[in-house]
Amino acid sequence: MEELYTKVLSDPIFKCIGQAADELQVDAYVIGGFVRDFFLGRGTPKDIDIVAVGSGITLAKKVASKLKGQPRVKVFKNFGTAMLKYQGWEVEFVGARKESYQRDSRKPIVENGTLEDDQNRRDFTINALAIGLNAHIFGELLDPFNGLKDVSAKIIRTPLEPSITYSDDPLRMLRAIRFATQLNFEIELRSLQAISANKDRISIISKERIVDEIHKIVMTPKPSVGFRLLHETDLLHFILPELVALQGIEEIEGQRHKDNFWHTLEVVDNIARATDNLWLRWAALLHDIGKAPTKKFHKKIGWTFHGHEFVGSKMVYKLFKRLRMPLNEKMKFVQKMVLLSSRPIILSENHVTDSAVRRLIFDAGEDIDDLMTLCEADITTKNPKKQRKYLNNFRRVREKIVAVEERDRIRNFQPPISGEEIMHTFNLRPSKEIGIIKDAIKEAILEGEIPNEHDAAHEFMLIKGKELGLKQHI
Ligand code: ATP
Ligand code: MG
């Protein structure tokens, strides 16, 4: 006799689905993530996956007709699935199916099947747990692969032979690594070996799906777990070769540089503790990618990575494009963070001057706080004394940013003198002199020669105009 898990099913929606299934004389089960997350104590997800031994679409319609307000059923005919939303739930219905795969596609040939067939096609034992909803099996757990045991042992294991599971649908390789990272689980050794052996199969997966999984890894509390696994299985080479290129330490004449791959992973873990901003986390992941192509050894000064921030920010565009990621303001934000990623460090090493802070605020604009968060995450020294020193320096920079910004309002810099005013003052047509004067005013403000105010800037404009040989019109 299977154990009863009616507590999972305390919401009335499950009784309703069970009754609808009884009326249609089909068996229905809740399966997958919902059941897994219940046993993990992860709370109740909003998504419920229902499998019917029969038509999922018919069951969905029957359920909808019994619910208050009769929610609309969205049917995906090609997939044989249906979905409805009710009181915050998103319930997806599918008929139990048997799948067989061809080599060149992750889209299987599908036929109707039993619950067991359906559980066989699931990716991991922990995702194959099903609980009965019909009156005669309400609350019964069907766990043919000991998924519950794997939940408590924290193991990712495939129901069938791992090499077949991963080769059939290579997306599962990334899902395994993503779940291991999200749930803090181990991937069973045979699975891990099968992933390494099938790594090249990743090429049949769309970029969008790959990026979806990478996003999910990036958003975990400790993304390095996932990136370490991607690296160990060599999948990273296919997805983000720019990161792999950062790995390794070279030594010439007794001089070594740090391993920028492992450093990057530490930075990503650090920033995960400070922010849930996906794109700031991406910026941490990519902040050093320019170091591989710019690395040089100089006899006198040792290892340098001159201009790696600029080169890195250019690489961000190519990387986003290759992975079909959005080429919009999100990408520009990541580029900007990479480009500016060394600026606060340089600043904190020296005496922090007002004008240097003003320039930093001017260049970073609205993103100055995010930039500081990135730079603080970038501190990975194991020397506690140095760590304290760097953090203190950044705290001073942050204080100075607040003080300077309060006084000079550089963050959303608007030139205090418009182009029209310059044209009008000197009776000019659109010409390069206008740009020269505007730029000189901006520079004078950033340098602290004049305050960020109209009258002072007007005064300055008149002097600058005179220098350029312009005549005042009024
Ligand atoms: P989450 O929604 O938290 O990412 P989930 O387990 O619900 O986790 P979904 O992608 O929503 O993941 O999939 C629902 C269920 O469908 C899974 O639990 C699993 O049983 C099955 N599944 C999803 N993708 C695959 C796949 N590529 N191969 C085999 N089974 C899969
Ligand atoms: Mg789900």
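Which residue out of Arg157, Arg178 is open to solvent by 10 Å² or more (accessible area, probe 1.4 Å) and either small (Gly, Ala, Ser) or within 16 Å of ligand 2 (Cβ to nearest atom) (or both)?
Exactly one residue qualifies, and that residue is Arg178.
Condition check ((1) within 16 Å of ligand 1 (Cβ to nearest atom); (2) touching a strand residue (DSSP E or B) at 6+ places or on another chain (Cβ under 6 Å); (3) hydroxyl-bearing (Ser, Thr, Tyr); (4) at pLDDT 95 or above) across all residues:
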site: Ala180; (1), (2), (3), (4): yes, yes, no, yes
site: Arg190; (1), (2), (3), (4): no, no, no, yes
site: Asp212; (1), (2), (3), (4): yes, no, no, yes
site: Ile217; (1), (2), (3), (4): yes, no, no, yes
site: Asp234; (1), (2), (3), (4): no, no, no, yes
site: Leu240; (1), (2), (3), (4): no, no, no, yes
site: His263; (1), (2), (3), (4): no, no, no, yes
site: Thr275; (1), (2), (3), (4): no, no, yes, yes
site: Leu286; (1), (2), (3), (4): no, no, no, yes
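What's the number of the only condition in (1) at positive phi; (2) more than 16 Å from ligand 2 (Cβ to nearest atom) that Gly32 fails to meet?
(2)
Quick check on this structure: which one of Lys432, Lys385 is more than 16 Å from Phe362 (Cβ to Cβ) and within 40 Å of the chain's Cα centre (by Cα)?
Just one listed residue meets the conditions, Lys385.
Taking the residues in the stretch 41-78 that are within 15 Å of ligand 2 (Cβ to nearest atom), of a type outside the set (D, E, K, R) and modelled with pLDDT under 95 as candidates, determine which candidate is surrounded by the most Cβ atoms within 10 Å (Cβ to Cβ).
It comes out as Pro45.
Applying the selection to the stretch 266-325, what residues are among the basic types (Lys, Arg), part of a helix (DSSP H, G or I), open to solvent by 40 Å² or more (accessible area, probe 1.4 Å) and closer than 18 Å to Leu236 by Cα?
Residues satisfying the conditions are Lys318, Lys321, Arg322.
Kindly list the number of the only condition in (1) in contact (Cβ under 8 Å) with a residue 40 or more places away in the chain; (2) farther than 24 Å from Cys375 by Cβ that fails for Trp279.
Tallying (1) in contact (Cβ under 8 Å) with a residue 40 or more places away in the chain; (2) farther than 24 Å from Cys375 by Cβ, Trp279 fails exactly one: (2).
Out of all the residues in the stretch 89-121, which are within 15 Å of ligand 2 (Cβ to nearest atom) and open to solvent by 40 Å² or more (accessible area, probe 1.4 Å)?
Once the filter is applied, which keeps residues that are within 15 Å of ligand 2 (Cβ to nearest atom) and open to solvent by 40 Å² or more (accessible area, probe 1.4 Å), the stretch 89-121 yields Glu90, Glu92.
Got a sec? Which strands (runs of 3 or more DSSP E) wholly within the stretch 21-98 have at least 2 residues that are closer than 30 Å to Asn184 by Cβ?
28-31, 47-52, 89-95
The values are calculated or read from the model by the stated rules, or taken from the named source; none is laboratory data. From a predicted model like this one, the values you see are computed outputs, not experimental measurements. Cβ atoms come from the backbone with ideal geometry, glycine included; neighbour counts cover every protein chain shown. With ligands, DNA and RNA removed, areas are computed over all heavy atoms of the protein, side chains included. Shrake-Rupley method; radii C 1.70, N 1.55, O 1.52, S 1.80 Å.
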